[in-house]
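No lab work stands behind these numbers, since they all come straight from the coordinates. Quantities reported herein were computed from a predicted structural model and do not represent experimental measurements. Backbone-built Cβ (ideal geometry, glycine too); neighbour counts: all protein chains shown.
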Ligand code: 13P
């Protein structure tokens with residue numbers, strides 16, 4: 001079965017509403033003929049504008065996070081229905097910056113994965129090891145444990161909506177990319193883990209992305225790996241030219 005590749009841009013804390021408008025107008029025309037799924041994840045403040053601009057195009061909108069309650073006294077948080085109401089279809093969950101800077105633990109990552117699915121959106125569940133863990137040979141075991149905790153209680157029938165992003169922490173924003181083989185190996189081990197947690201058939205359908213210093217120059221080799229179904233792009237997703245370069249490599 002063919003998995004449709006996804007190229008997703010995580011804008012992080014970049015782009016005002018005005019800048020987002022200019023960017024998306026450019027992007028829309030550049031990706032009009034692509035066969036892969038293109039997702040942009042603006043900051044919350046630009047989601048509404050971006051969603052309006054990409055209506056009737058191939059570009060989908062994602063959010064960078066969500067809170068795991070339906071509503072309530074949670075000052076500063078954004079609920080799942082606030083996102084669906086704007087037309088959001090993907091939500092990044094458990095990004096390493098959220099885990100390390102904002103101390104989001106696996107338990108809350110798991111709650112977010114589940115609530116995103118309950119609202120008919122697809123979580124992009126991020127996993128990835130530190131340099132220390134890689135150097136001590138703990139990569140696969142650590143990522144498998146992140147998968148077990150992140151996917152706890154996710155029913156089989158919803159699992160094919162989940163997207164996994166393998167983002168080694170040491171490769172994020174550092175210009176130091178995992179080799180295509182390293183990315184391929186870990187993505188394969190993620191698929192094998194999903195096969196044991198669910199079924200091989202489900203694992204075959206789940207899309208697994210690589211993220212960490214993806215650029216037009218290295219995208220082709222990484223995306224050529226059998227178990228890499230796309231990319232989650234930070235820095236290079238902020239310029240229309242580099243982002244479309246990656247989409248073309250796909
Ligand atoms: P960079 O592409 O800037 O390394 O960021 C990757 C990332 O964190 C995407 O979520």
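Classification of region 35-91 by its C-alpha gyration tensor yields a prolate form. The axis ratio a/c (a ≥ b ≥ c) is 1.5 or more, and a/b outweighs b/c. Compactness check for region 191-249: Cα Rg over 2.2 N^0.38 Å is 1.29. Cβ-to-Cβ counts within 10 Å put 114, 176 in ascending order as 176, 114, the fewest first.
How do 61, 116 line up, fewest other C-beta atoms within 10 Å first? Walk me through the numbers on the way to the answer.
Numbers: 61 24, 116 28.
Lowest count first: 61, 116.
In plain terms, the chain from residue 13 to residue 201 could stretch by 64.0 nm, reckoned as 0.36 nm per residue minus the Cα-Cα distance. Taking label points 7 Å from Cα along the Cα-to-Cβ direction, residue 75 and residue 103 give a separation of 1.7 nm. Here the sum of -39500 (n - 2.57) over DSSP H runs of 4 or more residues, divided by the residues of the chain, equals -13000 deg cm²/dmol at 222 nm, to the nearest 500.
Measuring between their Cα centroids, region 75-93 and region 183-222 lie 25 Å from each other. Residue exposure proxy: 221, 85, ordered by other Cβ atoms within 10 angstrom of their Cβ from fewest to most, comes out as 85, 221. Available extension along the chain between residue 149 and residue 176 is 6.9 nm, counting 0.36 nm per residue and deducting the alpha carbon span. Averaging the sequence gap over all C-alpha pairs within less than 8 Å and six or more residues apart, then dividing by the number of residues, gives the chain a relative contact order of 21 percent. In the chain, the alpha-carbon atoms span a convex hull of 117 Å³ per residue.
Expressed in nm to one decimal, what extension gain is obtained for the pair residue 52 and residue 221 from 0.36 nm per residue of sequence separation less their Cα-Cα distance?
Details: separation 169, 0.36 × 169 = 60.84 nm, distance 3.40 nm.
Full extension from residue 52 to residue 221 adds 57.4 nm.
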